[in-house]
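Quick notes on the structure that follows.
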Amino acid sequence: MILEGIFGNYHRRLLPVVGIIEPLLLAGSVYAGVFIRFGDMSAASVDELLPIWPKALTFSLIGMACLVAVGLYNQRLRDGIHGVLVRLAIALVFASALMMNLFYMFPSLLLGRIVFALSMFVAFIALGGLRAGYLRLLREGNNRRRVLVVGSGKRASQILSFRRATDFIGVNFVGFVRMPGDAAVVPASRCVVLDQPLVLYAARHHVDQVVIAVDDRRKGLPMEQLLECRTHGVDVVELATLIEQDLGLLKLDALDAEWLIFSPGFNRRLLRRWVKRLFDIAASILLLVVALPVMAITALAICLEAAGRGPVLYRQMRIGEQGIPFELLKFRSMEVNAEGDGKPRWASSQDRRITRVGGFIRKYRFDELPQIFHVLSGKMSFVGPRPERPQFVSTLSSRFPYYSERHRVKPGLTGWAQVRYPYGSSERDAFEKLQFDLYYAKNHSLLFDVTILLQTVEVVLWGKGSR
């Protein structure tokens, strides 16, 4: 479940490629670099590099972190092989920079310039070849999970509303089964007729999963046939579960209170809260040390642009955990009286209120760096839903179901919705981001937090979703 939550709709049969083969290739590239350089692992000149396994393990861990950071584990990545190779090259450049710093801090990890260069070259060739084959397998129907949908009405048609090439990229929908009470919403060309019991149809068509998406269960759900499928090894899930596992969101139109009650998640155990708090403190201190020069330069740039007139920091009320308001600090990126009439507004694309310095710091998220102090004080978490203004929260809570559930966790400096959806500037955007926020509130874990943190690097590097 954790792997599915992180890697989304990567095909389950291909998860070993993501979780095992790539780190092994990274580690193996170190051994390959030594072998290419010296030709014989038992040569006397190799003795000074022994033992090799700690160096290979370190490079593997750092390399995997960098692959995540540049977006190569983003399930909505739409790059072709050329884009993937560019990201892979950037990831290895970052990995090499980190490794060189470690060489100075821990001389026992030193590999030598030639061996290290050869290891990087082997890693690029091996991972590039693997990614090319992986993309080909993932985008061809022969290796996709085969799914049969029970239902053809309004609920089932939600599956067809996802139109991006990266939506359900690892899934091949065998068809939709018309059920009593369902309106004819799904096109007839996508529907199938069961000419035999469901379990036999599933076996004949190699169905891996059956999804329940009927509009009215009272009209007759084939419980005995579904149970027989389940006992024969065919996975049977709700529509909301399919979307949660494959797309990493809780689609509001597909879930109900009963599903939320009985599905796993919403971990608020004391141990999880302590672990999250320790992670927040450690990550915030580390980021603060790195970001202090950037914060100083940002403050100076704001002062110079405004000729000393106007504050450097901007204060604004936001809603925190359990709906408790707090005052949020940000670097000022707009004109001093951006809301002189007192009416709150969403920041829009090409917003004229944003200053030149403000446009730059918003693009790379530098304006949000002062929120590190909120994380240290415990008002915010490093990872969580974006804190919204009270006026917007009041409106959105009255219009969208389960909106208040996003406040069951602390708001975050970054979050699942921030890395998965562009900057929100409307109520429709807020609705879309809510579905990711609810997914995070339900499935958050330390590993998930680390993954989001690494994917945030991609958002900052590529300047995604800024306004």
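Please treat every number below as a calculation from the coordinates, not as lab data. Note that the coordinates shown come from a computational prediction; the quantities given were computed from them, not determined experimentally. Don't worry about glycine lacking a Cβ; one is built from the backbone with ideal geometry, like all the others, and counts go over all protein chains shown.
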- Computed FRET value (nearest 0.05) for I20 with E305, which takes r as the C-beta separation and R₀ as 45 Å: 0.35
- Query: Are there any helices in the chain, counted as whole DSSP H runs, that stretch 27 Å or more along their axis by Cα and score at least 0.5 on average by Kyte-Doolittle, and if so which?
  - Reply: 81-105, 113-139, 270-305
- Item | Which listed pairs, of K154/K433; K379/K442; K251/K343; K276/K442, have C-alpha distances above 25 Å, in listed order | K251/K343
- Residues other than G153 with Cβ under 11 Å of its Cβ, Lys/Arg counted +1 and Asp/Glu -1, net out at +1
- Item | For the chain, with +1 on Lys and Arg beta carbons and -1 on Asp and Glu, the positive-most of A291, L148, P390 along the dipole | P390
- Tell me the label-point distance for the pair R399, S426, using the 7 Å Cα-to-Cβ offset, in nm and rounded to one decimal. 1.0
- Query: How much length is gained on full extension from R277 to H206, taking 0.36 nm per residue of separation minus their Cα-Cα distance?
  - Reply: 21.0 nm
- Whole number please: convex hull volume per residue, Cα atoms of region 331-467, in Å³. 111
- Remind me, relative contact order of region 383-434 in percent, using alpha carbon pairs under 8 angstrom and six or more residues apart? 47
- Add -39500 (n - 2.57) for each DSSP H run of 4 or more in the chain, then divide by its residues: what number comes out at 222 nm, to the nearest 500 deg cm²/dmol? -15500 deg cm²/dmol
- Item | Mean Cβ count within 10 Å, highest first, over the residues of peptides 218-231, 364-377 | 364-377, 218-231
- Message: Below 9 angstrom from the Cβ of Q209, what's the summed charge of the other residues (Lys, Arg +1; Asp, Glu -1)?
- Response: 0
- Mean Cβ count within 10 Å, highest first, over the residues of peptides 399-405, 60-66: 60-66, 399-405
- The set of residues whose placed amide H lies less than 5 Å from the amide H of F173, leaving out same-chain residues fewer than 5 positions away, is V147
- Can you tell me the dipole magnitude for the chain around its Cα centre, using point charges on the Cβ only (Lys, Arg +1; Asp, Glu -1), in Debye to the nearest 20? 860
- V312 versus L194, label points 7 Å from Cα toward the beta carbon: distance in nm? 6.8
- As a percent rounded to 5, the proportion of antiparallel DSSP bridges among beta bridges in the chain is 30
- Message: What translational diffusion coefficient, to the nearest whole µm²/s, does region 144-262 have by Stokes-Einstein, given a Kirkwood radius computed over alpha-carbon pairs, a temperature of 25 °C and 0.890 mPa s viscosity?
- Response: 170
- Item | Burial order of peptide ranges 388-397, 414-423, 28-37 (average beta-carbon count within 10 Å, highest first) | 414-423, 28-37, 388-397
- Task: Give the calculated FRET efficiency between F121 and R218 to the nearest 0.05, with a Förster radius of 41 Å applied to their Cβ-Cβ distance.
- Result: 0.05
- Task: Treating the Cα atoms of the chain as identical point scatterers in vacuum, please give the log10 of the normalised Debye intensity I(q)/I(0) at q = 0.12 Å⁻¹, two decimals.
- Result: -1.15
- Message: Please give me the summed charge of the neighbours of R273: other residues whose Cβ is under 14 Å from its Cβ, Lys and Arg +1, Asp and Glu -1.
- Response: +4
- Note on the structure: Rh (Kirkwood, all Cα-Cα pairs) for region 358-409, Å, reads 12.9
